[in-house]
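S.K.: First the structure, which I've put down as structure tokens, then a few questions once you've had a look.
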Amino acid sequence: MKHLRITAFLTQGFSAAYEWALSIDGIVGYAKKMNELGFDDFVYSQSSNNMKPLDDLPFQKEHFLDMWWYKCSMPIFKIESTQDKHLFRRFNTFEAETMLQNVKKVETTKGAYRNAMISKTFFITKKVDWFVIGDKEEIEKYLKMITHIGGARRAGFGAVSKWEVVEVEENSKPRLYRPLPIEFAERNNVTGLYVNWAIRPPATISVNKFDCVIPRND
């Protein structure tokens, strides 16, 4: 395991709810599970109730009390500007002809198939860096599968033109510049925003979420 800097070079920027939300262990974990399961089974696994923490990613783990997480920093990037963009979701009548043959009526004003205007925050930036401790070759293998990062990828947000993984000098960012459980943060004199957040992937399951400190920007 080496100290590494991972860089995603972007065509324009990415969409995310918060500046710290892009987790590199989540991105690599997504690619690893997709590679193992294949597309169809991977999609099914995302909608099932049996999702578990991804405990076999090519990053070094931090163990604290009865918790663990990967030594991966938050994303580091220079914001050229931010934009609020609106995406419009419309019921796809063409797909419905084959997918919903036995449904008599589809409600498009409410429920799962409703039409909607969705607002997304778009960060304009040329590149995003993460500092990690991990296996360079394994990380590179999975990153080759990732063409977009962040939210609204189907709308073209977050397109990656190139990935770069390089060895760097040892530093504290993989351990301390990331969402940290409160007690661990306090023991290491890390201050910042207090929020309930996932400390390991997948971010959507409750067992991965803890009361955390999001460190202040450098």
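S.K.: Starting with the highest mean, order 18-31, 127-140 by the number of other Cβ atoms within 10 Å, averaged over the residues of each peptide.
M.R.: 18-31, 127-140
S.K.: From the square roots a ≥ b ≥ c of the eigenvalues of the alpha-carbon gyration tensor of the range 129-218, which class results: rounded (a/c under 1.5), prolate (a/b over b/c), or oblate?
M.R.: Verdict is oblate for the range 129-218.
S.K.: Would you rank Glu186, Glu62 by solvent-accessible area, highest first, keeping every protein chain in place and using a 1.4 Å probe?
M.R.: Glu186, Glu62
S.K.: Separate question: Report, by chain and number, residues whose modeled amide H sits under 5 Å from the one on Gly13, excluding near sequence neighbours (fewer than 5 apart, same chain).
M.R.: Correct list: Thr125, Gly158, Ala159.
S.K.: Rank these by accessible area, largest first, 1.4 Å probe: Thr121, Thr82, Thr204.
M.R.: Thr204, Thr82, Thr121
S.K.: What FRET efficiency would be calculated for the residue pair Glu140, Met1, taking the C-beta separation as r and a Förster radius of 25 Å, to the nearest 0.05?
M.R.: Computed FRET efficiency for Glu140 and Met1 comes out at 0.95.
S.K.: Could you work out how far apart the two model spin labels at Lys127 and Asp55 are, taking each label as a point 7 Å from the Cα in the direction of the beta carbon, and quote it in nm?
M.R.: For the pair Lys127/Asp55, the computed spacing is 3.6 nm.
The values are calculated or read from the model by the stated rules, or taken from the named source; none is laboratory data. Since this is a predicted model, take the numbers as computed values, not measurements. Counting neighbours? That spans all protein chains shown, and the Cβs are built from the backbone with ideal geometry, glycine included. Only protein heavy atoms, including side chains, enter the accessible area calculation; ligands, DNA and RNA are left aside. Shrake-Rupley method; radii C 1.70, N 1.55, O 1.52, S 1.80 Å.
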